[in-house]
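The values are calculated or read from the model by the stated rules, or taken from the named source; none is laboratory data. Computed from a predicted structure; not experimentally measured. Cβ sites come from the backbone with ideal geometry, for glycine too, and all protein chains shown count toward neighbours.
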Amino acid sequence: MKNLLWLLKWILKAAIFFTLFAFALNNQQDTTVHFFFGTQWRAPQVLVVLGTFAAGVAVGALGMVPRWWKQRRAATQRTQASPESNTAPVKPTPFPHEF
């Protein structure tokens, strides 16, 4: 059973890779991205899509950094305030959008 799941996982990875590879092969024509003040960037379309995706991931990760710092600081303060309660499970706080 374990080998079957391992094989299915690799088949899924291969399918995703070949799908993205076919996408890249089908989008090799040049694309022009126009910026401000008449500047422009010419590159293959697949690079423009990949660059936009990477920029979105970077902006999303940077947007989460303040919350990570806040939660880490709160966890550190909790640990320092009550070191004897480290063995007790901590009830997770709900996200702001949960009721």
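Here are some notes:
- Within region 19-44, residues that are without any contact (Cβ under 8 Å) to a residue 40 or more places away in the chain sit with their Cβ atoms under 6 Å from residues that are surrounded by 12 or more Cβ atoms within 10 Å (Cβ to Cβ) and aromatic (Phe, Trp, Tyr), at 6+ positions apart or across chains, in these pairs: 33/41.
- Verdict on residue 55 being within 30 Å of residue 24 (Cα to Cα) and at pLDDT 85 or above: yes
- Of the residues making up region 1-60, those that are surrounded by fewer than 10 Cβ atoms within 10 Å (Cβ to Cβ) and part of a loop (DSSP other than H, G, I, E, B) number 4.
- The condition (being among the small types (Gly, Ala, Ser) and within 23 Å of the chain's Cα centre (by Cα)) is satisfied by just one residue among 74, 14: 14.
- The number of residues in region 1-32 that are in contact with a helix residue (DSSP H, G or I) (Cβ under 6 Å, 6 or more places away or on another chain) and of a type in the set (Val, Ile, Thr) comes to 1.
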